[in-house]
Structure formats: structure tokens, C-alpha cells
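Below is one structure; the comments refer to it alone.
The values are calculated or read from the model by the stated rules, or taken from the named source; none is laboratory data. Computed from a predicted model, the values in this text were never measured in an experiment. Here the Cβ is made from the backbone with ideal geometry for all residues, glycine too, and neighbour counts use every protein chain on show. With ligands, DNA and RNA removed, areas are computed over all heavy atoms of the protein, side chains included. Shrake-Rupley method; radii C 1.70, N 1.55, O 1.52, S 1.80 Å.
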Amino acid sequence: MTISLDFLNQLGIRGDADGVHTGTKMGGSRKHGVFESFSPVDGKLIGKIYKASKADYDTVVKTSEAAFTQWRTVPAPRRGEIVRQIGNKLREFKDPLGKLVSYEMGKSLQEGLGEVQEMIDIADFAVGLSRQMYGLTMHSERPSHRMYEQWHPLGIVGIISAFNFPVAVWSWNSFIAMVCGDVSIWKPSEKTPLSAVACFNIIKGVLADNKVPEGTLAMIVGDVSEIGEPMLADERIPLVSATGSCRMGKRVAEVVGKRLGRSLLELGGNNAIILTEHANLKIAAPGIVFGAVGTCGQRCTSTRRLIVHSSMYDKVKEMLLKAYAGLRIGSPLDENNHVGPLIDKDAVAMMQKAISQAKEQGGKVLTGGEVLDGFESGCYVKPAIIEAKNSMAVVQEETFAPILYLIKYDGTIEDAIASQNNVKQGLSSSVFTDNIGQAEAFLAAWGSDCGIANVNIGTSGAEIGGAFGGEKETGGGRESGSDSWKAYMRRQTNTINYSTQLPLAQGIKFDI
């Protein structure tokens, strides 16, 4: 398949790119080397981006500090109006940006376009939110006093995103932060930096037209030592929102927590689907397959474990082997294909290591796992199904690849839930059942311990209207919908005395 790269020109991606954007201005040091972005689709170099220096980082933070003093004074509905315009600009560039996401990251074109649609949707959500950031009014125990709470902007939000959602996660954080009156500095993944540059190329006209202070939205690309670690330790940044591995998240929590800052963590998922004896396999099948192989298994919500009741285990195994035999693997820009490549050869090596460990620990590979020949990038693999036990060490860990562990259970729904919960991660979970008692048990306080619990839909994907995030080693953070906006603001309780007296707490009196 010949891939047309016209979308790069449409997005202003031409050769080398600067690693610092503060809204309408770009630049930064060109003396600290470059990141080269190679497409996992065909192995070709897409472009280079200059790494920012520590001095660049300090300049960006100072610019954002100055922007915050202005941006927080802008009425929230006006801030929402600017986000609305950003959303409309993303609508104009949905096709080329979706293609770049697909080409640079490797996810299917449909998923790339869907990711940009998520950005548009969260912009719409943020516009409505800009008029709905409500506080509460409380009754005071003191006469002629009024109590209420209000929410104020927090300051600079540091955003660290991962390669698998190279643009959407930034929007979940920055658009919400923006209507809250915050400013943000984005450190995108060094594996997908050009998608980040494209975002700023798209929105810079909106920022200029509305005279948005320089540094309200900023982006900086660089090494962990020069950019990432200083951001974590920087007391000028009250909140760091980080998406990535559990290992990375623990480092973020350690450094940010040491200075008593806030961290919003979206980390690993070891997500399971339970198929009870009352499951409807007709609707379960697409949810399982997409959850396991979508984005080539590189979603934090990807289905890693399938816990199946023994009464239908053989039928489910047969169903999955037939479905996997029909998977079309190839360029994600060809909409006829189901599965694209892994992000790079390191990811391929991690998958091969996990499969070897599964075999050593008693697992049986039913299908897949091979690295496919005939692709220049060397990043295409065949999705694997492995019969396993939940207690196996390799099953307890998240491998960011299309490996589905098939696990049999006997007994009750409570037994299946216990198996599902018996991992360190707690992001997404699902049960397929037509039995209302089983469904309600799964959703009960003693049921799934995950931040997301679904009935009769899969683990993969989430609507922006709900708070997104998980428990345990997934980090406990919440982004996107519901009242997640509160993480980006500071709460203030106010008491107003409109009497002519000053009653003190606990009835204390002074002779004054």
C-alpha cells in the first residue's frame, strides 16, 4: 500500500521542528540534539524535533507563571468560548491529525480519527463546564453568618502524556484546566512528538486571535533529565498529571509528594472480562476481540485477561481461535485492516519476553505471538491467546502488547470477581451476564475494585462524560468528565458575618 503523506504538509510538519511552543511562539535551543520520529507503520523517518534544554524549561515556566496572573482573571465562560473555538479548529483538521496519529503511533486510522474526536468532545464538555463549576452553600451554626465554598484556579498544570494516546490525553487535561483558569505545560512522549507539534500548529491561530496570554498553553519536548525531572521537583507547578507505566507513576508520586505537590496519576491496567455461565457470547465476542487487539494491545484499558466459566470455556476458546484467524494485520492507514504495529522494536521484544515467561510458568500458547515478516518496520506481530492461571507471575504484570490470557474458573460470580481483583492494578473491568444478580454483585462494594466497571460491554474505551481512572497501582487519578475538574482547582471555604456581633467558636468570650 502506498501511503500519501500530504497530511504532514496540512499540519505544518516539514522536516525539523522546534521543541518549545508557548502558544503562538515556537523556538528553544537547537544545541541539545534531536528526537527522531520513525513511523512503526513503514519504518520511515517522519521528522525530527529539537530537544529543549533546562534553560528552555525555566523560560517556559516563567512565561506560564506570567500567563496565569492574567488568565485567572478572565471570566470562566469567556475561557470556555476560547476552548469552543479550539474544538472547532480541531474539527477542521480532524482528518489530517487523525492520519498523523495513526502514522506516528501505529493505531488504526479509525482509532486515530476517534482520538481526535475525543479532543473535540472534551472541548465541548469543557465549554459547558465553564458555566457549571459550582460550589456549595452551608448553614452556619452561628447566627447572621453565611458559609459557602468556591473553587479557584490552581496555577500551572504539568502534563506528561504517553505514546499510545499522543493527543487526546493532553486535551483531557489542558482543556479542563483551561476553563478552570489554569495554564498548562505539556511534555509529550518522545515517541510521538510530531503529533504534539501538530496540535499547537492547529490551535495557535485561535490563541492569537483571542489574545490569549503567551504560555497559557505550552509544550516542551526534551529528555527526562532536562525536562521531566525538573517538572516533578518544581514547586512552581502545583499539579502534575502523568499518564504512563506504574514504574513511572511511582517516581512521579515520590518526587511530587516530597514537595507536597499534587499528582494526578493514570497508570497501568491489567484489565479483565468475566464471562459467566449466563453470558451472551454474541455481544461478548466483539468486545473481547477489540479489547484485546485494538491499538495492538497498547491501550491502558486493553483486555489482558479473560476469565471464563468452565461450562462455556471450550466454546469460548473455539470462538476466539476462529475470530483471531480472521484478523487482518497490516498498515493501520488501510481501513480494511484490524491490527497495526506495535510502537517500536522494544515493544516487540517485551511481547516476546512475556510469551517466553508464560511458557516457562506453565502457560500454553493457543495462537499467535509471532513477529511477522514482510514489514519494513519490524513492528508487526500476530496477537496471541495464552491459556494461563491468574496466579502466574507474568499474568500479574501488564504487558503492553496484544496478549490475551485465557483463564478458567469454577464456582460462583464471587469466585470470578476475586480472581479479577487479585492483581495490583485496578483500571477497567467488565462482566458479561444476563443474570441481574451477577451484574449487581459485580458492581457492589464487594465486587470489582476497579475505577471502571462495565456490564455487557468490554474494558476498552471510555466515554468522556465519566471520570476516567483507576485504583491501586493504576494511581487513583481521575481525568475527563464528571467532577474531575475539581482536581485542577483549589477549594476555599468562606464565612461571612453580617451581624454586629462576633460569636466565637465553642462559646469562648473575651472581656474586651
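Counting C-alpha atoms alone, how compact is segment 94-148: give Rg to one decimal and Dmax as a whole number, in angstrom.
Rg, Dmax (Cα atoms, Å): 21.7, 65.
Over segment 278-388, what relative contact order in percent results from Cα pairs under 8 Å that are six or more residues apart? It would help to have the intermediate numbers written out before the result.
Numbers: 128 pairs, mean separation 22.3, N = 111.
That works out to 20 percent.
Please return the longest stretch of the chain lacking exposed loop sites, where GluC sites (Glu not before Pro) count only if DSSP places them in a loop and at most 16 other Cβ atoms lie within 10 Å.
1-140
Among DSSP beta bridges lying fully in the chain, give the percent that are antiparallel, nearest 5.
Numbers: 29 of 71 bridges.
The antiparallel fraction comes to roughly 40 percent.
Rounded, prolate or oblate for segment 160-238? Axes are the square roots of the Cα gyration tensor eigenvalues, ordered a ≥ b ≥ c, and the cut-off for rounded is a/c under 1.5. Write down the numbers at each step before the final one.
Numbers: a/c = 1.73, a/b = 1.23, b/c = 1.41.
Oblate shape, in that a/c is at least 1.5 and b/c is the bigger or equal ratio.
Calculate log10 I(q)/I(0) of segment 258-317 for q = 0.23, 0.24, 0.27, 0.31 Å⁻¹, where I(q) comes from the Debye formula with a single equal point scatterer on each Cα and nothing for solvent.
-0.94, -0.99, -1.13, -1.28
Once you have all Cα-Cα distances for segment 244-374, histogram them in 5 Å bins from zero and send the whole-percent values.
P(r) for segment 244-374, in whole percents per bin: 2, 8, 14, 18, 19, 14, 11, 7, 4, 2, 1.
For segment 1-78, what does the relative contact order come out to in percent, with C-alpha contacts under 8 Å and a separation of six or more?
Contact order relative to length: 25 percent.
Rounded to the nearest 5, what % of the DSSP beta bridges within segment 91-215 are antiparallel ones?
Taking every DSSP beta bridge within segment 91-215, about 40 percent pair in antiparallel fashion.
Could you tell me how many degrees, from 0 to 90 and to the nearest 10, lie between the Cα long axis of helix 94-105 and the main elongation axis, the longest principal axis, of the Cα atoms of the chain?
60
Calculate the all-directions average of the projected area of segment 165-324's alpha-carbon convex hull, and give it in nm².
Values: hull surface 50.8 nm².
Value for segment 165-324: 12.7 nm².
Dipole of segment 23-78, Cα-centred, from +1 at each Lys and Arg C-beta and -1 at each Asp and Glu C-beta, to the nearest 20 debye?
Numbers: 10 positive and 5 negative charges, 29 e Å.
Charge dipole of segment 23-78: 140 debye, to the nearest 20.
Can you give the calculated 222 nm mean residue ellipticity of the chain, where each DSSP H run of n ≥ 4 adds -39,500 (n - 2.57) and the sum is split over every residue, rounded to the nearest 500 deg cm²/dmol?
That comes out to -11000 deg cm²/dmol.
Once the principal axes of the Cα atoms of segment 329-391 are found, what is the range along each, listed largest first in whole angstroms?
Here the Cα extents, ordered largest to smallest, are 38, 23, 18 Å.
Roughly what angle does helix 76-92 make with the longest principal axis of the chain, taking Cα atoms, 0 to 90 degrees, to the nearest 10?
With both axes taken from Cα atoms, the answer is about 30 degrees.
Taking Cα atoms, how many degrees apart are the long axis of helix 313-325 and the longest axis of the chain, rounded to 10 and kept between 0 and 90?
90
If you put +1 on each Lys and Arg Cβ and -1 on each Asp and Glu Cβ, how big is the dipole of segment 57-163 around its Cα centre, in Debye rounded to 20?
In total the dipole reaches around 420 debye.
How much accessible area per residue does the chain have, counting only protein heavy atoms and a probe of 1.4 Å, in square angstrom?
Solvent-accessible surface per residue comes out at 42 Å².
How big is the shadow of the Cα convex hull of segment 429-470, averaged over all directions, in nm²?
Result: 3.0 nm².
Select from PRO402, ILE512, ILE417 the residue farthest towards the positive end of the dipole of the chain; place +1 on Cβ of Lys and Arg, -1 on Cβ of Asp and Glu, and compute about the Cα centre.
Final value for the positive-end residue is ILE512.
Please express the shape of the chain as an equivalent ellipsoid: the semi-axes are the square roots of 5 times the eigenvalues of the C-alpha gyration tensor, given largest first in whole angstrom.
Working: eigenvalues 322, 204, 74 Å².
The answer is 40, 32, 19 Å, longest axis first.
Please report the antiparallel percentage of the DSSP beta bridges confined to segment 288-444, to the nearest 5. Walk me through the intermediate numbers first.
On the way: 4 of 14 bridges.
Close to 30 percent.
Do you know the relative contact order of the chain, to the nearest whole percent, from alpha carbon pairs under 8 angstrom that are 6+ apart?
Numbers: 1167 pairs, mean separation 90.4, N = 512.
Result for the chain is 18 percent.
Of ILE46, ILE203, ASN497, which is farthest on the positive side of the dipole of the chain, counting Cα position, with +1 on Lys and Arg Cβ, -1 on Asp and Glu Cβ, and the Cα centre as origin?
Of the options given, the answer is ASN497.
Can you tell me the Rg and Dmax of segment 1-115, counting just the alpha carbons, in angstroms?
Computed over the Cα atoms of segment 1-115, radius of gyration and Dmax are 17.1, 52 Å.
On the protein heavy atoms, probe 1.4 angstrom, tell me the percent of accessible surface of segment 21-157 carried by carbon and sulfur.
Accessible surface attributable to carbon and sulfur in segment 21-157 totals 50 percent.
Work from the charge dipole of the chain (Cβ charges, +1 for Lys and Arg, -1 for Asp and Glu, about the Cα centre) and give the residue of THR63, VAL431, ALA467 farthest towards its positive end.
THR63
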